[in-house]
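This report concerns only the one structure given below.
The values are calculated or read from the model by the stated rules, or taken from the named source; none is laboratory data. For clarity, every value in this text was computed on a predicted model and none was experimentally measured. Cβ placement follows ideal geometry from the backbone for every residue including glycine, while neighbour counts extend to all protein chains displayed. Keep in mind that these areas ignore ligands, DNA and RNA; they rest on the heavy atoms of the full protein, side chains included. Shrake-Rupley method; radii C 1.70, N 1.55, O 1.52, S 1.80 Å.
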Amino acid sequence: MNYQFDPDLPKASTIPSFYYADASVFERENRNIFARTWQLAGRADQVREAGQFFTITIADEPLLIVRGADGELRALSNVCRHRAGPVASGEGKRPVLQCGYHGWTYGLDGRLLQTPEMAGIECFDRADFSLPRFRVEVWNELVFVNLDPAAATLGDFLGDLVSRLAPRDYAGYQLAARKDWTLNCNWKVYVDNYLEGYHIPIVHPGLFRAIDYPNYRTETRANYSIQHAPLRRPARLRVNDSADEIDYFWIWPNLMLNVYPDNFSTNLIVPLGPEKTRTIFEWHFRDFDTPDVRQRILETVAFSDEIQFEDIDICQAVQRGLRSSTYDSGRYSPLRENGVHHFHGLYAAAMF
Ligand code: FES
Ligand SMILES: [Fe+2]
């Protein structure tokens, strides 16, 4: 029987534990969620110039993001039309793309150009063997891909989040630091945990001292939510005295955007298996080649590490708890867990 989401939070129960460990649920999530939503794939500065490319796999789909000679950014299938070899690997810059198996070459626009030693083949027109294309869009210097040809545009999907973040100019920001971790938990355990401040007093004593916990609140919108964390002690979080709040944005289904006055970071939550998840953190700063900013980056990453280690421990413990025969599903705090409830509503709508 499928999970029945109750939109009435005070009466609702959380997603049953079965959905946090089952292999067929995981496959269904790939098809129904990750292959149909806008997924953060990389950064615009990786594909600024013609021929620059990077590769990534989203929902089991190997992809090649490449800037064409015509200036257009394309998301192409990274699967060779010959015998499914990899057209490109890693990232770099090339005038043409040569498959790493038998050397067929493709143009930057995905057209098949050269097919060595295929003389004698019949009924074969190279024009029929271009690399398939997917949707790609850039927002705030971040490259997003959507595998669903029928999906809404990224702008329509994000809705008023676009205007909400518009006063900020993201142009000068560059990747300053990157870290990733592999966790033994379902991706939803990590997202659930991110979406509430309820655990901060117990799990994150350091963060708890820095924020004004009683006034922490979560606002939910169509496809995203925002946690507003008013600050009590701005110094530890390295924000300007003028800033009195940090905003933690979550974008359905698996992207977090943590916005500080002088930097922002993305956390991408990548499901690797029913009980395995990778979290990728990237920090973007401006002018980071000055000693002052370099110092701020070190402190920002160190503080984030402290919180992340605390979150990893609790998420992995929760995953073990979800496997218990005694637990199936729980209840939401109406005061503190509206963000989790909102996520579960989007989840149910996509899955069932
Ligand atoms: S699989 Fe690409 S050339 Fe053979
Ligand atoms: Fe946390």
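Does the stretch 315-338 hold any residues that are within 12 Å of ligand 2 (Cβ to nearest atom) and under 21 Å from the mean Cα position of the chain (by Cα), and which are they? C315, the sole residue that qualifies.
Would a scan of the stretch 237-244 turn up a residue that is closer than 30 Å to A151 by Cβ and out of contact with any His (no Cβ under 6 Å at 6 or more places or on another chain)? Can you show your working first?
Initial filter on the stretch 237-244 (closer than 30 Å to A151 by Cβ): none.
No: the stretch 237-244 contains no residue that is closer than 30 Å to A151 by Cβ and out of contact with any His (no Cβ under 6 Å at 6 or more places or on another chain).
If only residues of the stretch 205-227 that are assigned to a loop (DSSP other than H, G, I, E, B) and of a type outside the set (S, T, Y) are counted, the one that is farthest from ligand 2 (Cβ to nearest atom) is A222.
Between V87, V96, which is out of contact with any Pro (no Cβ under 6 Å at 6 or more places or on another chain) and under 30 Å from P274 (Cα atoms)?
After applying the criteria, what remains is V87.
Sub-8 Å Cβ pairs linking a first residue in the stretch 214-231 that is among the basic types (K, R) to a second residue that is part of a strand (DSSP E or B), at least 6 apart or interchain, are R217/Q227; R217/H228, ordered by first then second residue. Listed by first and then second residue, the pairs linking a residue in the stretch 299-312 that is more than 22 Å from D192 (Cα to Cα) to a residue that is part of a helix (DSSP H, G or I) and of a type in the set (K, R), with Cβ atoms under 9 Å apart and 6 or more places separating them unless they lie on different chains, are E299/R236. Of all residues in the stretch 285-314, those being open to solvent by 60 Å² or more (accessible area, probe 1.4 Å) and of a type in the set (F, W, Y) number 1.
Every condition in (1) open to solvent by 30 Å² or more (accessible area, probe 1.4 Å); (2) touching a Lys or Arg at 6+ places or on another chain (Cβ under 8 Å) is met by Q98 except one, and the failing one is (2). Checking each residue of the stretch 178-187 against the condition of being over 30 Å from S329 (Cα atoms), more than 16 Å from ligand 2 (Cβ to nearest atom) and free of Cβ contacts under 8 Å to residues at least 24 places away in the same chain gives no match. Could you check the stretch 1-24 and list, in sequence order, the residues that are of a type in the set (G, A, S) and surrounded by 18 or more Cβ atoms within 10 Å (Cβ to Cβ)? Once the filter is applied, which keeps residues that are of a type in the set (G, A, S) and surrounded by 18 or more Cβ atoms within 10 Å (Cβ to Cβ), the stretch 1-24 yields A12, S17.
So which of A119, A151 ends up being part of a loop (DSSP other than H, G, I, E, B), at pLDDT 95 or above and touching a helix residue (DSSP H, G or I) at 6+ places or on another chain (Cβ under 9 Å)?
Working: A119 fails: touching a helix residue (DSSP H, G or I) at 6+ places or on another chain (Cβ under 9 Å).
Testing whether each residue is part of a loop (DSSP other than H, G, I, E, B), at pLDDT 95 or above and touching a helix residue (DSSP H, G or I) at 6+ places or on another chain (Cβ under 9 Å) leaves just A151.
For H204, the stated conditions hold: it is in the same structural domain as Y248 (by TED's automatic domain parsing), out of contact with any Phe, Trp or Tyr (no Cβ under 9 Å at 6 or more places or on another chain) and either within 16 Å of ligand 1 (Cβ to nearest atom) or open to solvent by less than 20 Å² (accessible area, probe 1.4 Å) (or both).
The lone criterion from (1) touching an Asp or Glu at 6+ places or on another chain (Cβ under 6 Å); (2) part of a loop (DSSP other than H, G, I, E, B); (3) within 24 Å of Y332 (Cβ to Cβ) left unmet by Y170 is number (3).
Go through the stretch 63-108 and report how many residues are of a type in the set (D, E, K, R), within 16 Å of ligand 1 (Cβ to nearest atom) and touching a residue at least 40 places away in the same chain (Cβ under 8 Å). I'd like the intermediate steps shown before the answer.
Step one: list which residues in the stretch 63-108 are of a type in the set (D, E, K, R), which gives 67, 70, 72, 74, 81, 83, 91, 93-94.
Those left that are additionally within 16 Å of ligand 1 (Cβ to nearest atom): 81, 83, 94.
Keeping just the survivors that are touching a residue at least 40 places away in the same chain (Cβ under 8 Å) gives 81, 94.
Going through the stretch 63-108 one residue at a time, the tally reaches 2.
Before we move on, is A317 over 15 Å from P16 (Cα atoms) and either in contact (Cβ under 8 Å) with a residue 12 or more places away in the chain or in the same structural domain as R278 (by TED's automatic domain parsing) (or both)?
Values: over 15 Å from P16 (Cα atoms): yes; either in contact (Cβ under 8 Å) with a residue 12 or more places away in the chain or in the same structural domain as R278 (by TED's automatic domain parsing) (or both): yes.
Considered against the rule, which asks whether it is over 15 Å from P16 (Cα atoms) and either in contact (Cβ under 8 Å) with a residue 12 or more places away in the chain or in the same structural domain as R278 (by TED's automatic domain parsing) (or both), A317 comes out as yes.
Residue-by-condition table, conditions (1) away from ligand 1 (no atom under 16 Å from the Cβ); (2) open to solvent by less than 20 Å² (accessible area, probe 1.4 Å); (3) within 26 Å of N140 (Cα to Cα):
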{"position": "L175", "(1), (2), (3)": "yes, no, yes"}
{"position": "V191", "(1), (2), (3)": "yes, yes, yes"}
{"position": "H199", "(1), (2), (3)": "yes, no, no"}
{"position": "H228", "(1), (2), (3)": "yes, yes, yes"}
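So which of R164, R133 is touching a residue at least 24 places away in the same chain (Cβ under 8 Å) and either more than 16 Å from ligand 1 (Cβ to nearest atom) or of a type in the set (A, V, I, L, M) (or both)? Give the derivation first.
Details: R164 fails: touching a residue at least 24 places away in the same chain (Cβ under 8 Å).
Step by step, each of R164, R133 is checked, and only R133 is touching a residue at least 24 places away in the same chain (Cβ under 8 Å) and either more than 16 Å from ligand 1 (Cβ to nearest atom) or of a type in the set (A, V, I, L, M) (or both).
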